[in-house]
Every structure is written in structure tokens, then in C-alpha cells.
1. Just the residues that are touching a residue at least 40 places away in the same chain (Cβ under 8 Å) and either buried (at least 20 other Cβ atoms within 10 Å of the Cβ) or farther than 30 Å from R171 by Cα (or both), please, taken from region 188-197.
2. When residues of region 53-62 are filtered for being surrounded by fewer than 17 Cβ atoms within 10 Å (Cβ to Cβ) and under 10 Å from S93 (Cβ atoms), how many remain?
3. So the check is Cβ under 9 Å with 6+ separation or different chains; which pairs have a first residue in region 316-345 that's closer than 19 Å to E366 by Cα and outside the structural domain of I364 (by TED's automatic domain parsing) and a second one that's among the small types (G, A, S) and not in a strand (DSSP E or B)?
4. Collect the residues in region 168-199 that are assigned to a strand (DSSP E or B) and hydrophobic (A, V, I, L, M, F, W, C), keeping them in residue-number order.
5. Among the residues of region 168-179, is there at least one that is under 15 Å from L122 (Cβ atoms) and in contact (Cβ under 8 Å) with a residue 12 or more places away in the chain?
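The values are calculated or read from the model by the stated rules, or taken from the named source; none is laboratory data. If you're wondering where the values come from, they're calculated on a predicted model, not measured in any experiment. Using ideal geometry, Cβ is built from the backbone for each residue, glycine included, and neighbour counts are taken over all protein chains shown.
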Amino acid sequence: MIGRESTLRAQAGAAVANLSTSPAANALQRGPAANPPAAMQPAPTIRVDTDKLDKLVNLVGELVIGVARVMQIAGDDAMPELSAAVDALEHISRDLQEQVMRVRMVPVEATFNRFQRVVRDLASELGKQITLRMSGTETELDKNVIEQIADPLKHLVRNSADHGLEQPDERLRAGKPEAGLIHLRAYQQEGRIIIEVIDDGRGIDREAVLAKAIERGLAAPGVSLSDAEVFGFMFQAGFSTAKQVTEVSGRGVGLDVVRQNIESLRGSVEVESTPGRGTIFRIKLPLTLAIIEGMMVRVGHEILTLPVLSILESLRPKASELKTLEGQGELVSVRGEYLPLVRLHHVLDLPTERTDPTKALVVIIESVSRRFGILVDDILGEQQAVIKSLEHNYHKIEGVAGATILGDGRVSLILDIHGLEKIAFSR
């Protein structure tokens, strides 16, 4: 058998050598001389029904779940050959997922271009001179996301035009050009799409926002708050500091709707503002709504999934790194900074095995307004989570974004960071 195998290999090698030197092979290598380079030819395109793409995405999701199941069955003690095959299957699954998601991506250019007319109308209505600048229009976003982001962007552009930009005479007195600037900017960063609405106006009056928040009972007098926390009050329903009601603003609606719409896309919105220089509204969105990178954590017998994009690190705290302060609750020290500690079993009303933080683990979370720690019994690792919609009765459960199926067939709830934060810090 060995001699026969060697003979076959030799014959195959000779055949390959002859093929590579044959006139036909040489002609194929040279290619047709008259054809222009492929780079100069437009890529062929085909129209595809979005329903078919959605079905394809769902099938890829099922494949991801199947791969997770195979990986779990194989385990750490699998034969090297099986482990290699499972690893290859995982890579193929991820590549397929990326390619399918890429098919659903469309540039933000068409959405941005709509605002040229919007800004012209606003300038005429408000008696202001406004220049619209756009950058990063080639940035691509999931088609389903981009269709739902137009209205929140319109709210923010109107807000910048009315509240942010000054009248021409006021701008001249401040040493600015007569024409105010609104800049729509899009870019990708750390697995997210960032869309910014930037203006070079007067900036947000932090003290006016804080005073209004105290007046409405949203903040206590004398309590030190960060800019992010103060500006976050503007997203409360009915919140407005406008002294006059106009067709554009002052009605107490808008920013709360913006936040609700963006959070429904598993995104977030934050504000930066400098007095006299302007304001940035920054929207952070996931690349896709179908699959996320999730970290599986255990609380009691429940396995829950946290979005990796919101996680900074995890640690097991020492007793010296924990303290409780009146009015602030439990705190954990992370490199010299004390952060609020949220017991996940309290928030979700679940039984737990480890009430002592020094015997449990803390996952450090970064949200729009703060960083905080979430106490869990154990961390089980990372896994791609295929997001499954919950039944209608469960849609409004605060702190839950959806569910995913684990490799062993169990269901894991995907937690909504903003919802958890809202529950934990409103108590």
C-alpha cells in the first residue's frame, strides 16, 4: 500500500507540473489582453428583498446557536482533531455572520442628505443663518437601524438650530461668524457606530438645567452632580428650560422621545457642552440588531447575558475595597475610585448563593451617565448571543432587552444596562 501511495503522489505531482507549463495554463495565466482591469469595471449588483435578508440573518443566528452547542458538547477535553474542527467551524460561522451583516449595511449618506432641506427650512423659520456640514457619510449602518434613526436625528437637529445657535447679531457680538454651524458626523468606533450632531452655538446652561431639575424634584439641592448627570435630566419627559413656546421647541417634548427611540435600538445618547462654544449630542448604536457579543453571568441558578460593549472589567473585591455610605449605599473601590455597587439579585429579585461581595464577582459597567459595579455569583465566559424577541407580555419588563439560547438549549435573558441602571438608582 505504501508503494502504491507513493506512486500515486508522484503521478499527481507530474500531472500538476505538466498542467502548469501547458500552453492552455499559460494562456489562462496571461488572461485576455483586451479586457480592462477589474478595478475599472463596476461591480455587478442585484436587488434583494429585505425579507429574504432577514430570513438569512435568522438562519445565521440559528447556525451560531448550533456552533455554541457543538462547542459545549466538545468541551475542553475533546480530541485535538475535534477541537480543531470545532474551532474551524466557529471561524466559518463568524465569517458568514459578518458577510451577511455586511449585506444589510447601507451608508448614512442618504439619511444625512435629508437634513439639507430641514436645515434650510429651520433657518428661514427661526430667522438664523445656518450652515450644514456632513462628514463620514460613507459610514455604513444596518438598514433596519438607519430607517429608525432619522426621526431622533431630526429632533436633535431642530434642538441645535433653536436652542443651540444664536441669532446673527448675538453671534457677531461673541466674535463668531454670522452663520451658525450644524455638523452631522458619523464614524465607527470599538464595534459601534457613532453619530454626532454638533453645533457651534452658545452651549447648554448647566445651572438652568440643574435649577429646573431641582424645581421638578429630579435632583436634591446641594448634591454634587457630574455634567453627564445634569444633562441627563434634559431627556426626562416634559423637561424644558425654554422661556417661550414656539413651533420648534419649548413644548417639553422631543429629547425624551429621542432617548426612547435610540434605546429601543439598544443604543445610547450622551451630551457634551462647553459654554460659548457649542454642544455635541452623541448617539452610539450597535452595528447590528441581530447578534451581540455577550458575557454570561450566573446569579443563583439563573444564567444572564450582559452586552460586552458595556463592560469595562471584572474583579473580586477585597474587604478593604468595600464600604457603605449613608445616602449612597454600597460602594466598591476600583483603582482608587469608589463606584456604586448594584446587587443584581436584588434588582431582579432572584435567589443568590453569594451575598458576601468578597466571595462573589463584580462586573464594572459603563453607561451614559455613570460607571458602576454589578455583583454576580460567577462569570461563565463570553459567547455570541443571538437576540430573540420576547413574547408581547414580556416586552415592557424593565432591565430586559431580549433573550438568547445557550449552547445547552437553556434560555438566557439579555439584560438592558440602561433599564438596570434606572431600577437600581431610582430606589
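1. Listed by number, the residues that qualify are Q188, E190, G191, R192, I193, I195, V197.
2. Total meeting the criteria: 0.
3. Correct list of pairs: empty, since none qualify.
4. The first filter runs over region 168-199 and keeps only residues assigned to a strand (DSSP E or B), leaving 180-189, 192-199.
Listed by number, the residues that qualify are L181, I182, L184, A186, I193, I194, I195, V197, I198.
5. Yes; the residues of region 168-179 include at least one that is under 15 Å from L122 (Cβ atoms) and in contact (Cβ under 8 Å) with a residue 12 or more places away in the chain.
To keep it simple, each residue is scored yes or no on (1) within 27 Å of L289 (Cβ to Cβ); (2) in contact with a Gly (Cβ under 9 Å, 6 or more places away or on another chain).
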| site | (1), (2) |
| --- | --- |
| A110 | yes, no |
| I149 | yes, yes |
| P177 | no, no |
| G180 | no, yes |
| Y187 | yes, yes |
